[in-house]
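In what follows, a single structure is set out as structure tokens and then discussed.
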Amino acid sequence: DEFLERFPLLYGYWKRYAEFIASRFGVERAVQIYERGVIAVPHSVDLWTYYATYFAEQSDSVDAIRRLFERALSVVGMDWLSHGLWDKYLEFERSQEETKNYVSILRRVIGVQLKEHDRYWEL
């Protein structure tokens, strides 16, 4: 806690800390750590991607997972390097086998200028 208070921009340590807490105290506590992380470093695409991916793997609530992805995209979705977050959201929707949602997200990502923008045209 003290280390991350002094060096909050080290997003990889938020992930490691959340994983450690999850192994000891469970998912809810890990989510609290991720929440603290995205509050401390709200524009970290990587931290949002780690958080959303972890939450999607652990949660049973499809709506809660979608809300978190949408929250993350509202903060960092226009970032040049946010393609990883978009990829994880598309992957999640594909796993839900809801074509309408998948296509809707794909249409949105095509409208965003990303580093790897061209590959979305091939999906």
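The values are calculated or read from the model by the stated rules, or taken from the named source; none is laboratory data. Note that this is a predicted model, so its numbers are computed, not measured. Cβ coordinates were reconstructed from backbone atoms using ideal geometry, including for glycine residues, and neighbour counts include every protein chain displayed. Just the protein is used for accessible areas: all its heavy atoms, side chains included, with ligands, DNA and RNA removed. Shrake-Rupley method; radii C 1.70, N 1.55, O 1.52, S 1.80 Å.
Descriptive notes on the structure:
- For the range 33-52, taking the residues that are of a type in the set (G, A, S) and under 14 Å from G77 (Cα atoms), the one that is surrounded by the fewest Cβ atoms within 10 Å (Cβ to Cβ) is identified as S44.
- Residues in the range 105-119 that are under 22 Å from Y51 (Cα atoms), open to solvent by less than 100 Å² (accessible area, probe 1.4 Å) and not hydrophobic (A, V, I, L, M, F, W, C): R108, E116.
- When the criteria are applied in full, E122 meets the requirement of being out of contact with any Leu (no Cβ under 8 Å at 6 or more places or on another chain), open to solvent by 100 Å² or more (accessible area, probe 1.4 Å) and among the charged types (D, E, K, R).
- Tallying residues that are open to solvent by 40 Å² or more (accessible area, probe 1.4 Å) and within 18 Å of S74 (Cα to Cα) within the range 92-104 yields 2.
- Flag if G26 is modelled with pLDDT of 95 or more, exposed (fewer than 13 other Cβ atoms within 10 Å of the Cβ) and more than 26 Å from Y120 (Cβ to Cβ): yes
- Yes/no for E28 being under 25 Å from L81 (Cα atoms), over 13 Å from the mean Cα position of the chain (by Cα) and of a type in the set (D, E, K, R): no
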